[in-house]
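One structure below.
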Amino acid sequence: MPQRIFFATSEVYPFSKSGGLGDVMGALPLALHRTGAPVSVISPFYGRVSTSNYHIRLTISDLHVGHPWAPITCDVYETDYHGVSMYFIDRGEYFDRRFYYNTHKGDYFDNAERFIFFCWAAVALIERLGEPPAIVHAHDWQTSLLPAYIHFLRQTNPFWANTGTLCTVHNLAFQGRFSSRLFDASGLPPAAWTMDGVEFYGDFNMLKAGIAYADAVTTVSPSYAREILTEKYGCGLDGILRHRELDLYGILNGADYQVWNPEEDAFLPCHYGLDDVSGKQRCKENLIAELGLDPALKERPILGFIGRMRGQKGVDLLNAIIPDLMELDVGVVALGEGNPVHEARILDLMESYQGRVAAVIGYTEDLAHRMQAASDIFLMPSRYEPCGLTQMYALRYGAPPVATAAGGLRDTIKAWPADDATGFIFTHSSPVEFLEAVRDAVSLWSSNPESWKGMVRRAMSQSFTWDKSCREYIEVYRKVRLRL
Ligand code: ADP
């Protein structure tokens, strides 16, 4: 594919990250680049993106954007990150903020405006660079307007006539749904304001723009691609997704084993791997000391949870079963932030079970790595999970997951008691079933060390590399280009 592929994303690790999207955007473009595909990434220049790292430099000043009002401009910063050109759109009033999308009080009031601006800035930047791209690949609601803009630009502007578009849904629940008033600021023509376009029960839905107008829609696991066609998981968009079913693909995310590898993870106090797992115990002892847990836990299993403390991740299910888990004589370590009610509850439990439960509220990249390495069992009771990366990391770090039979969890964990099991799966998101599955895991850990070691070894041998996913994306790009 001679022409360039542009990724547009609101997060890209290591420059920005609030969850799995950042990880994926930090890995997939690099993996595509390694296959020879020419990829560039366009992302916001958040306040925390520092020019002192990664040789980021200002390359374009006062680029005219024109939306959500005219005249408006941005600056563009750029760096070469392992062969991938990274472009950062700078407009301080929109992106130089402490958080990406919301504070603890709620979403930023101008999120629609921020990402309308970002999408038009991406259009302006690509035009300024002067070479019509082969593909523009948008990710999640923040950049989902781009396929719609390009759909309409293709009809009038020869520059865009041969550009194909993809929209990848990393989480259907986050849709960028705003008042219809904001449609006027979007710069889309009135023709887009239909049930088959961006209108959604009288509101303006940015993710729906991507689903409706992209040449192909992908999501991040085969199971989730099927689930979102149903009313139960469709978040109100199952109708339009069924309408796009022939152009919908489920491509499993990969894990970036350059970043998540216990053999060389810079955040760990010591390293370990399949050849010698003994370092894992030392990582565990280190975390017990770091979090002030009862030293007796060195001989008992540590159960880890990392993730947004929201209903999706089932943190309420975890909170509900912690008192029962204490009877199993285990330790629980949790890292996350989100809903203040769930945060307060887990902090209460930490108070009640001092030395046995440690909850860290906040976002700490290095601690996430140390928790993976220290955990014997990883808890992922998500109500739905588009793909999930934390369970893939847990597998590699030798912590068999206990997870719901949802989306990507189902696609990445082989369920006990099968001979090739790598973890434990339960079917319904209820505290009773979750507790039952954790009991199975703890019981195997305690009663059958050989069998447990076998499961750990199988877990650590799983490999979700980006190579296969890359091939699948390239195939979708090819199909899209053939249809233009
Ligand atoms: P999602 O994309 O739904 O947030 P994933 O499992 O796909 O879930 O990815 C989550 C990513 O975010 C992982 O890299 C995980 O380690 C990281 N993460 C989540 N919460 C935290 C936190 N509180 N501190 C540090 N890293 C976190």
Please specify each residue of segment 237-263 satisfying the condition of being among the hydrophobic types (A, V, I, L, M, F, W, C), in contact with a Lys or Arg (Cβ under 8 Å, 6 or more places away or on another chain) and not in a loop (DSSP other than H, G, I, E, B). Ile240
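Which count do you get for residues in segment 320-344 that are closer than 28 Å to Ser443 by Cβ and either within 19 Å of the chain's Cα centre (by Cα) or away from the ligand (no atom under 16 Å from the Cβ) (or both)? Even if it seems obvious, please write down each step before you answer.
Keep residues of segment 320-344 that are closer than 28 Å to Ser443 by Cβ, which gives 320-336, 342.
With the extra rule that they be either within 19 Å of the chain's Cα centre (by Cα) or away from the ligand (no atom under 16 Å from the Cβ) (or both), the set shrinks to 320-331, 334-336.
Counting residues in segment 320-344 that are closer than 28 Å to Ser443 by Cβ and either within 19 Å of the chain's Cα centre (by Cα) or away from the ligand (no atom under 16 Å from the Cβ) (or both) gives 15.
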For Asp366, state whether it is open to solvent by 10 Å² or more (accessible area, probe 1.4 Å), within 12 Å of the ligand (Cβ to nearest atom) and outside any loop (DSSP other than H, G, I, E, B). yes
Just checking, does segment 128-136 include any residue being touching a Phe, Trp or Tyr at 6+ places or on another chain (Cβ under 8 Å), assigned to a helix (DSSP H, G or I), of a type in the set (Lys, Arg) and open to solvent by 20 Å² or more (accessible area, probe 1.4 Å)? no
Return the residue satisfying two criteria in turn: it lies in segment 1-43 and is among the polar types (S, T, N, Q) and open to solvent by 10 Å² or more (accessible area, probe 1.4 Å), and of such residues it is nearest to the ligand (Cβ to nearest atom). Ser18
Quick test for you: out of Glu245, Glu285, Glu264, pick the one residue that is at pLDDT 95 or above, open to solvent by 10 Å² or more (accessible area, probe 1.4 Å), away from the ligand (no atom under 16 Å from the Cβ) and assigned by TED's automatic domain parsing to the domain that holds Gly407. Glu285
Do you know which residues across segment 151-181 are of a type in the set (S, T, N, Q) and in contact (Cβ under 8 Å) with a residue 12 or more places away in the chain? Asn162, Thr163, Thr165, Thr168, Asn171, Gln175, Ser179, Ser180
Of everything in segment 346-357 that's surrounded by fewer than 23 Cβ atoms within 10 Å (Cβ to Cβ) and within 16 Å of the ligand (Cβ to nearest atom), which residue is nearest to the chain's Cα centre (by Cα)? Leu347
Out of all the residues in segment 417-429, which are over 21 Å from Tyr397 (Cα atoms), at pLDDT 95 or above and surrounded by 16 or more Cβ atoms within 10 Å (Cβ to Cβ)? Phe426
Determine if segment 427-442 includes at least one residue that is farther than 20 Å from Lys284 by Cβ, in a strand (DSSP E or B) and either hydrophobic (A, V, I, L, M, F, W, C) or assigned by TED's automatic domain parsing to the domain that holds Ile377 (or both). no
What's the total number of residues in segment 73-90 that are within 25 Å of Ala185 (Cα to Cα), crowded, with 17+ Cβ neighbours inside 10 Å and among the β-branched types (Val, Ile, Thr)? 2
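Given the criteria modelled with pLDDT of 95 or more, assigned to a loop (DSSP other than H, G, I, E, B), open to solvent by 50 Å² or more (accessible area, probe 1.4 Å) and under 23 Å from Pro262 (Cβ atoms), does Asp411 qualify?
Numbers: modelled with pLDDT of 95 or more: yes; assigned to a loop (DSSP other than H, G, I, E, B): no; open to solvent by 50 Å² or more (accessible area, probe 1.4 Å): yes; under 23 Å from Pro262 (Cβ atoms): yes.
Judged against the criteria, Asp411 is not a match.
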How about segment 371-395: which of its residues are in a helix (DSSP H, G or I) and touching a Phe, Trp or Tyr at 6+ places or on another chain (Cβ under 6 Å)? Gln372, Ala373, Met392, Tyr393, Ala394
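The values are calculated or read from the model by the stated rules, or taken from the named source; none is laboratory data. Keep in mind it's a predicted model, so treat the numbers as computed, not measured. As a convention, Cβ positions derive from the backbone with ideal geometry for all residues, glycine included, and neighbour counts pool all protein chains shown. Calculation scope for accessible area: heavy atoms of the full protein, side chains included, ligands and nucleic acids excluded. Shrake-Rupley method; radii C 1.70, N 1.55, O 1.52, S 1.80 Å.
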